[in-house]
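FYI, it's all coordinate maths here, none of it is from the lab. Given the structure is predicted, the values throughout are model-derived calculations rather than measurements. Neighbour counts run over all protein chains shown; Cβ positions are idealised from the backbone, glycine included.
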């Protein structure tokens, strides 16, 4: 499995790049890449500017569909990955759990599913999920149609949903999937981090 750090977002609401937010004196993206290294054999960073990642010891891959959102990042990671599976993680999930990532990967390893994704009620967590290379044709068609919604791509794929009881041992959802979109989110994440 290849770990893919999705670092291509515009961070418009926060006003700064999320992957560079300092936590314990290191950029948040660096911490997440270290966690991906615990459970994946290879790692990639999806971003259109490689310069901030010098010294992070992971190839930086650009989107092939710029401006199409996270689905374009997932596509770029799948297309470039040397493995059949990718564990895609957004750069603004400070409490991403490497053991949860390993669990998602184990569910995808049998080849029965194109996507293994946590689901919280009606909400999905597509930026902390495992995707198989078999998903690439559907995702490519979706992006070529101009629709960058991950949920629309899932309609044509074999999806294994991972519900809360199955992942409860990895931590509470409000922490695992806390993402940073505002100064208030950042303050909460830093308080929880400490």
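Here is how the numbers come out for the structure above:
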{"read-out": "Failed item, numbered, when residue 175 is tested on (1) in a helix (DSSP H, G or I); (2) closer than 27 Å to residue 82 by Cα; (3) in contact with a helix residue (DSSP H, G or I) (Cβ under 7 Å, 6 or more places away or on another chain)", "value": "(2)"}
{"read-out": "Single match in 22, 70, 66 (criterion: surrounded by fewer than 21 Cβ atoms within 10 Å (Cβ to Cβ) and in contact with a strand residue (DSSP E or B) (Cβ under 7 Å, 6 or more places away or on another chain))", "value": "70"}
{"read-out": "Unmet requirement for residue 50, which otherwise passes all of (1) over 16 Å from the mean Cα position of the chain (by Cα); (2) under 21 Å from residue 133 (Cβ atoms)", "value": "(2)"}
{"read-out": "Set 16, 43, 38: member being without any contact (Cβ under 8 Å) to a residue 60 or more places away in the chain and closer than 30 Å to residue 158 by Cβ", "value": "43"}
{"read-out": "Residue check for residue 77: surrounded by 21 or more Cβ atoms within 10 Å (Cβ to Cβ) and under 20 Å from residue 139 (Cα atoms)", "value": "yes"}
{"read-out": "Sole residue being touching a residue at least 40 places away in the same chain (Cβ under 8 Å) and over 25 Å from residue 190 (Cα atoms), chosen from 100, 104", "value": "104"}
